[in-house]
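Q: One structure, pasted below without further comment.
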Amino acid sequence: MLVRTSKGTKEFRAIWMEHGIAKMIDQRILPNQFRVVSVRTYKEMARAIRDMTVRGAPSIGAAAAYGMALAWQKGVDLKKAAETIRATRPTAHDLFYAVNLMLTRCDEDLVKVADDYADGVVQMCRRIGENGAKLIKDGDRILTHCNAGALATVDLGTALAPMRIAKRQGKKMFIYVDETRPRLQGSKLTAWELLNEGIEHAIIPDNAAGHFMKDSVDLVIVGADRIARNGDFANKIGTYSKAVLAKENGVPFYVAAPVSTFDFFTKSGKDIVIEERSEDEVLCFDGCRVAPKGSRALNPCFDVTPSKYVKGFITDKGVFRPGKFETLVPR
């Protein structure tokens with residue numbers, strides 16, 4: 001991803017490994033500060049995943065792979081490390097996919113395996129971008145929810161990859177960026193990425209999406225954290241309502257995700273575990289309580305959108321309609 005700093009513009013990945021140490025952009029403090037943090041143990045990596053220093057399903061998968069590599073370097077029992085890492089974020093399928101991959105490759109150099117995994121995610125995102133860019137016409141107005149950009153996917157993005165590729169093809173577009181409460185990944189992270197990329201955009205309140213979809217949005221592209229076999233998918237809370245609004249207003253709704261996000265062992269969205277996060281994310285803002293003392297909050301991190309609202313899944317293997325994933329299922 002392009003990052004503009006006081007020293008000029010430089011390319012970064014969301015997470016990588018350098019001299020036996022995992023490095024990652026601290027997503028908690030963007031956009032006000034840009035900082036790269038070092039992670040030296042699998043326990044530190046588990047903490048970074050849990051506290052959302054790194055977030056986004058594909059980036060979490062890469063972080064899990066690097067966490068397993070850190071454990072391997074230090075001679076830690078890999079099954080113990082796997083158990084700790086798996087317990088961090090229950091909804092993101094890429095995390096489990098990456099941990100299981102590392103366990104099956106434990107007789108190899110796991111640093112190289114993790115690097116190859118991260119490189120593979122980037123290449124999948126590039127192909128997602130190329131496939132999705134074909135759906136974007138010059139002048140399109142696109143709405144996206146949460147952050148499914150380079151920060152969430154090591155580099156390029158899933159939902160943002162088609163926008164990046166379309167821009168490089170010379171297409172103009174305008175992006176409506178949902179603020180994405182309560183953690184504001186849209187207004188903090190997606191807007192930051194689009195600003196660095198030079199793509200025209202505006203941040204909108206989550207509850208303004210319907211207003212703009214009536215006559216100002218041409219298509220919606222979002223990411224996903226887990227996609228069930230029937231096409232139901234989990235994504236950041238608020239995605240379901242955007243899909244319903246899109247259907248009501250005749251706006252095509254697309255989901256961009258790599259094959260690693262598809263969970264072919266989960267039959268439908270009813271079987272997807274939804275992570276519940278701290279009430280303080282809703283009750284407090286910037287460290288200050290904004291809700292009355294004595295009030296409590298409910299804070300599901302994700303919701304599940306039924307496949308009937310999805311026009312197509314933009315993957316590294318092509319664009320597929322819900323229920324037409326036969327060629328993606330591992331044999």
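Q: Taking only C-alpha pairs under 8 Å that are 6+ residues apart, what is the relative contact order of the chain in percent?
A: 16
Q: How many percent of DSSP beta bridges within the range 1-113 run antiparallel, rounded to 5?
A: DSSP beta bridges in the range 1-113 are roughly 100 percent antiparallel.
Q: How many times 2.2 N^0.38 Å is the alpha carbon radius of gyration of the range 185-261?
A: Against the empirical 2.2 N^0.38 Å value, I get 1.16 for the range 185-261.
Q: Highest GNM mean-square fluctuation, the chain, Cα pairs closer than 10 Å: which of Lys236, Lys74, Lys308?
A: Judging by the Gaussian network model, the answer is Lys74.
Q: Looking at the chain only, what percent of DSSP beta bridges run antiparallel? Nearest 5 please.
A: 55
Q: Take Met45, Met173, Met124 and order them by how many other Cβ atoms sit within 10 Å, fewest up front.
A: Final ranking by Cβ density, sparse to dense: Met173, Met124, Met45.
Q: Can you tell me the 0 to 90 degree angle between the C-alpha axis of helix 239-248 and the longest principal axis of the chain, rounded to 10?
A: The two axes meet at around 30 degrees.
Q: Now a separate question. In 10 Å bins starting at zero, report the fraction of Cα pairs in the range 172-311 per bin as a rounded %.
A: 11, 36, 35, 16, 1
Q: So in the range 133-328, what percent of DSSP beta bridges are antiparallel if you round to the nearest 5?
A: 40
Q: So, one more: What do you get for the angle between helix 57-73 and the principal long axis of the chain? Use alpha-carbon atoms, 0 to 90 degrees, nearest ten.
A: That helix lies at roughly 10 degrees to the long axis.
Q: For the range 1-156, what does the alpha-carbon gyration tensor say about shape, rounded, prolate or oblate, given a ≥ b ≥ c as the root eigenvalues, a/c under 1.5 as rounded, and a/b over b/c as prolate?
A: In terms of gyration-tensor shape, prolate.
Q: Determine, at each q value in 0.13, 0.15 (inverse angstroms), the log₁₀ of I(q)/I(0) that the Debye formula gives when each Cα of the chain is one equal point scatterer.
A: Cα-only, vacuum Debye calculation for the chain: -0.94, -1.26.
Values in this text are rule-based calculations from the coordinates and carry no lab data. It should be emphasised that the depicted structure is a prediction, and the values quoted were computed from it without experimental measurement. Quick reminder, even Gly has a Cβ in these numbers, built from the backbone with ideal geometry, and neighbours come from all protein chains shown.
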